[in-house]
Amino acid sequence: MQKLYTLILVFACTFFSQAQDIYLQCGKLVDTQAGKVLTEKTIVVSGNKISKIQDGYISGKKDDTTIDLKNKTVMPGLIDMHVHIESQSNPKAYLKRYTDNEADLAFSSVGFSKTTLLAGFTTVRDLGGSGVNISLKKAIAQGKIDGPRIFTAGKSLATTGGHADPTNGSKKSLMGDPGPKDGVVNSVEDAKKAVRQRYKNGADLIKITATGGVLSVAKSSSNPQFTVEEIKAICQTAKDYGFHVAAHAHGDEGMQRAVLGGVKTIEHGTLMSEKTMDLMKQHDAYLVPTITAGKEVTEKATIAGYYPAIIVPKALEIGPKIQNTFKKAYDRGVGIAFGTDAGVFKHGQNGKEFGFMVEAGMPAMAALQSATTTNAKILNMQDQLGQITAGFIADIIAVNDDPTQKISTMENVVFVMKEGKVYKK
């Protein structure tokens, strides 16, 4: 009996030690850490991790899987630091706030999530929704649906009447007086409570609307909407809970308050001055440009009835300026974190942002690094994401051409692996 038990144990150990590996034969490989494009490499994936990178084209053993990417360029899965995964812009979006239930948002978000993943974005930072984004994050992590790894802010924080006040544009009987639980802050104490509520809800970070915005049903696109003291309270409380803070901001004064208050990223940054750029460098804050969204709102504002009338002049003022501000900030040495504001435009078109960044003067490799190593660092995942390196999570994508020579290839990702599982081939 003991002999039989020993034989079974040996067989089991042998069987489980021979789990299949995946061998990816890469014609070109983007080394995001070194900023180089390597040639003729093989990535070996064991389970959900990269186990090694070998020179030349190596094939796996009999039980392994070998995937031929010899005529492709392979790189780490991309990270978009600004998406709204629950929703997508459409002419009925403002009406749907009153007709759609959370279940309706949830069903729509399933498709948006899969589309985003298949576009090569294996990780995203979701910057504000109804709270469905938190459930979506969990569902993806549990393998119930396909989508990117999500770091979410849950519900954004605003001031009364501010850009993320959920009752803007409502009739008086529906306005009420939302408070910290709903993401509306009007004091230092409100600020602390709102952050703690986000933690309780299951968020991963905090998003504030430091200035007015384009798509809210409110007059100003750029006025400051928090005091420095409120922002400091938010950032300090967030730090206590292991969160970083992202700040939507178009106006310069609101940006300066946000940076002085301790935020990590400025989203959009449209009217940013050189003084603010220098403050960002001093405080190690990053700009998330969202150029694609700026171009989208400019275009849609010319379509009669697409947006409520109060939004149109704001879109025509702010949208066209974002790309030029990005150029100035990059040239001045401000750190750039790749982010698109997908949801303002169609999910899955996130890759367009690379072309706009390069068009404005950013080298293609730097743009790729902004969507990999830079963003991984901000998410405190720099030892797990953003590189093709042994021991890192196996988030790997491929495109047809070398993006350092043809950046538009980033709009057509042809291979997607997330955590060692192939989703697109």
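The values are calculated or read from the model by the stated rules, or taken from the named source; none is laboratory data. A quick note: this is a predicted structure, and the numbers were derived from the prediction, not measured. Cβ: placed from backbone, ideal geometry, glycine included. Neighbour counts: every protein chain shown. In case anyone asks, the SASA skips ligands and DNA or RNA and just uses the protein heavy atoms, side chains included. Shrake-Rupley method; radii C 1.70, N 1.55, O 1.52, S 1.80 Å.
Give me the accessible area of H283, 1.4 Å probe, in Å² rounded to the nearest 10.
Estimated to the nearest 10 Å², H283 gives 80 Å².
Tell me what the chain gives for mean residue ellipticity at 222 nm when only DSSP H runs of n ≥ 4 count, each as -39,500 (n - 2.57), the sum divided by the residue total, rounded to 500 deg cm²/dmol.
Values: 15 runs with 148 residues, N = 425.
Counting only the DSSP helices, I get -10000 deg cm²/dmol.
If R0 is 45 Å, what FRET efficiency do you get for V414 and E229 from their C-beta distance, rounded to 0.05?
Values: r = 50 Å, r/R0 = 1.11.
Given R0 = 45 Å and the Cβ-Cβ separation, E is 0.35.
Would you mind telling me the antiparallel percentage of the DSSP bridges in the chain, rounded to 5? Display every interim value, and only then the final one.
On the way: 29 of 60 bridges.
Here the share of antiparallel DSSP bridges comes out near 50 percent.
Working only with C-alpha atoms, what are the Rg and Dmax values of the range 31-190, expressed in angstrom?
Looking at the range 31-190, its Cα Rg and Dmax stand at 21.5, 69 Å.
Mind ranking V185, V312 by accessible surface for me, highest first, 1.4 Å probe? Please report the intermediate quantities before stating the final value.
Numbers: V185 0, V312 40 Å².
Sorted descending by solvent-accessible area, the residues read V312, V185.
If we count every other residue with Cβ under 15 angstrom of E299's Cβ, Lys/Arg +1 and Asp/Glu -1, where does the sum land? Intermediate values should be presented prior to the final figure.
Details: positive: K295, K300, K314, K321, K346, K352; negative: E296, E317, D341.
Neighbour charge sum, excluding E299 itself: +3.
If you count only protein heavy atoms with a 1.4 Å probe, what accessible area per residue comes out for the chain, rounded to a whole Å²?
Value returned for the chain: 43 Å² of accessible area per residue.
Post the alpha-carbon centroid distance, the range 38-86 to the range 281-296, in whole angstrom.
Centre-to-centre (Cα) distance: 29 Å.
Net charge near L385: determine it from the other residues with C-beta under 13 Å of the C-beta of L385, scoring Lys and Arg +1 and Asp and Glu -1.
Numbers: positive: K49, R125, R149, K377, K418; negative: D80, D383, D395, E419.
Value of the local net charge: +1.
K144: which lysines have alpha carbons under 16 Å from its alpha carbon, excluding same-chain residues fewer than 8 sequence positions away?
Cα-Cα hits under 16 Å: K114, K418, K421.
Scan the range 184-234 for trypsin sites (Lys or Arg not before Pro) in coil per DSSP, keeping those whose Cβ has at most 12 other Cβ atoms within 10 Å, and list them by number. Show your work: numbers first, answer last.
Values: sites: K192, K193, R196, R198, K200, K207, K219, K232; in loops: K219.
Those that pass, being in a loop and sparsely packed, are K219.
Where does the charge balance sit around A106 when Lys and Arg score +1, Asp and Glu -1, over other residues with C-beta under 13 Å from its C-beta?
On the way: positive: K137, K138, K144; negative: E86, D100, E102, D104.
Result for the neighbourhood of A106: -1.
Between K61 and Q33, what is the FRET efficiency for a Förster distance of 41 Å, r being their Cβ-Cβ separation, to the nearest 0.05? The partial results should precede the final answer.
Numbers: r = 29 Å, r/R0 = 0.71.
Working from the Cβ atoms, E equals 0.90.
Got a sec? What order do M357, M365 fall in by accessible area at 1.4 Å, biggest, i.e. largest, first? Each step should come with its number before you reach the end.
Working: M357 0, M365 30 Å².
Descending order: M365, M357.
So if each residue of separation counts as 0.36 nm, and I subtract the Cα-Cα distance between A103 and E189, what length gain in nm does that give?
Values: separation 86, 0.36 × 86 = 30.96 nm, distance 3.24 nm.
Contour length minus Cα-Cα distance gives 27.7 nm.
Using a 1.4 Å probe on the protein chains only, how many percent of the accessible area of the range 195-348 belongs to carbon and sulfur? Could the numbers behind the result be given before it?
Working: 2800 of 5610 Å².
Reported share for carbon and sulfur atoms: 50 percent.
For the range 146-216 and the range 331-375, what is the centre-to-centre distance using only Cα atoms, to the nearest Å?
The distance from the Cα centre of the range 146-216 to that of the range 331-375 comes to 26 Å.
Which parts of the range 276-317 would a label at K92 reach, counting a residue when its backbone N lies under 17 Å from a point 7 Å out along Cα-to-Cβ?
Counting only backbone N, you get 305-308.
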